[in-house]
Amino acid sequence: MSYTIGSRIKELRTNHRISQEQMAALLDTTRQRYARLENGQVDISFVMIKKIADYLGVSTAEITSVEQEDKELVAFFREKNTSEDIVDSVVKIQKILRVFQAHEKLYYQMKARDEDVD
């Protein structure tokens, strides 16, 4: 499973103040297996993603895709007029950075696996 998807599910779950136990019960699995799902250690089916999305009241795309920004960072901040707009922008940037970190972690995990195989 993708670490990125697991991270996104964890973020949504914690934002909704839902425990791992509650999510595990929803998916008819153990809390330990659910924790491995969030850590990207086990695969997740689309059916499970759909159950999670429905339970959290979000679209499956919100879990499986990353929001893309077409603007440069400097231009992004220049057009903001209020501190609330800036805070919202910083939150978006933090989400983007978490995705990059997740991809980096996944890259090194895959690289380590490849080196172990050789």
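The values are calculated or read from the model by the stated rules, or taken from the named source; none is laboratory data. Just so it is clear, the model here is predicted, and its values are computed rather than measured. Here Cβ is always computed from backbone atoms with ideal geometry, including for glycine, and neighbour counts include all displayed protein chains.
Within the range 8-30, not a single residue is within 24 Å of Tyr107 (Cβ to Cβ), not in a helix (DSSP H, G or I) and not acidic (Asp, Glu). In the range 97-118, of all residues being surrounded by 13 or more Cβ atoms within 10 Å (Cβ to Cβ) and either of a type in the set (A, V, I, L, M) or over 24 Å from Leu37 (Cα atoms) (or both), the one that is modelled with the highest pLDDT corresponds to Val99. Quickly run through the range 39-56 and pick out the residues that are touching a residue at least 12 places away in the same chain (Cβ under 8 Å) and loosely packed, with under 14 Cβ neighbours inside 10 Å. The answer is Gln41, Asp43, Phe46.
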